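No value in this document is a laboratory result; all are computed from the given coordinates. All values reported here derive from a predicted model rather than from experimental measurement. So basically every Cβ, Gly included, is an ideal-geometry build from the backbone, and we count neighbours across all protein chains shown.
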Amino acid sequence: MGAQAMLHRADPSTRPVADVQGSADPRDLPLQQVGIRGVRFPVAVHTRAGHPQHSVATLGMDIGLAGDRRGAHLSRFLEVAGTDPLAIQAGSLGRLLERMLVRLDAGSGRIDIAFPYFVCKNAPVSGSAGLIDYEVGVTVASNGHGAELSLRVAVPVTSLCPCSKAIADYGAHNQRSQVIVTLPTDGTLWIDDLIELVEAQASSELFALLKREDERLVTQRAYDNPKFVEDLVRDVAAQLERDPRVGAYRVSCENFESIHNHSAFALIERDGRPGLNGHG
């Protein structure tokens, strides 16, 4: 090719770019969810103490896609998220969801944000301070009739087996358990509230740092307060029933058994709603 011909070749950057995702789809099969997952993103969590806690979240964003549309423009999800830390508050997440639906021209969608939440806890006797982390998830979703916000908190605790205590000449087996509470919220229920509610129903709560005198108290406390996995979910549910801020809820517990090669599991749910399904 001669130099003159090369001068007249079109610059690739000026060529029109086809919108493949925006093309029509003849199959007419709508998709309930299409989007992105596994995005790490900074967040600022609004805490009960009144100051933000900064964390790193795993972010998922999706929309419902009409049957006549080939695909969603995935880059637009990240455009909506922006570059500033996401504020984990009911109002700001509702506005974020609204912007996402408008930007992607969708009638339904969901944003799920999962992050570690840290609490500084003092040991019960020595007062030694240490940070313990909890897995927290916040989901905001809309099917075109307003946004719903749900909160998910995983709380590790100790459970001691009542049967083991009753049949043994001395001692009883215990194990770490994980209680997961998922419920709709309007933002008036704090993460700390749920953590404390669950821990109060366990054989014992967990601590990051224990001295000998603390360990003695914690193990004796668990021995005096045995709980089956069934007891744990029922006791947590009973406390949720008494809280006027709580309507629907889902409570599950898994005991990572110390003398069995399996886990024990229980779940209780009240007024099951779409926002609760699939978690726990």
Of all chymotrypsin sites (Phe, Trp or Tyr not before Pro) in region 95-193, the ones in DSSP coil with at most 12 other Cβ atoms within 10 Å are 170
Calculated from DSSP helices alone, with each H run of at least 4 adding -39500 (n - 2.57) and the total divided by the residues of the chain, [θ]222 nm to the nearest 500 comes to -7000 deg cm²/dmol
Between the Cα axis of helix 229-241 and the main Cα principal axis of the chain, the angle (0 to 90°, nearest 10) is 70
In degrees rounded to 10, the 0-90 angle between helix 191-201 Cα long axis and the longest Cα principal axis of the chain is 30
Simple spin-label estimate for residue 119/residue 163, 7 Å along Cα→Cβ, in nm, reads 3.0
With R₀ set to 45 angstrom, the calculated FRET efficiency between the beta-carbons of residue 28 and residue 49, to the nearest 0.05, is 0.30
Taking Cα atoms, the helix 212-223 axis meets the longest principal axis of the chain at an angle in degrees (rounded to 10) of 90
Expressed as a whole-number percentage, the relative contact order of the chain with C-alpha contacts under 8 angstrom and at least six residues apart is 14
With +1 at each Lys and Arg Cβ and -1 at each Asp and Glu Cβ, the charge dipole magnitude of the chain around its Cα centre, to the nearest 20 debye, comes out at 620
For semi-axes √(5λ) of the Cα gyration tensor in Å the list reads (1) 29, 21, 20; (2) 36, 24, 15; (3) 48, 21, 18; the calculated value is entry (3)
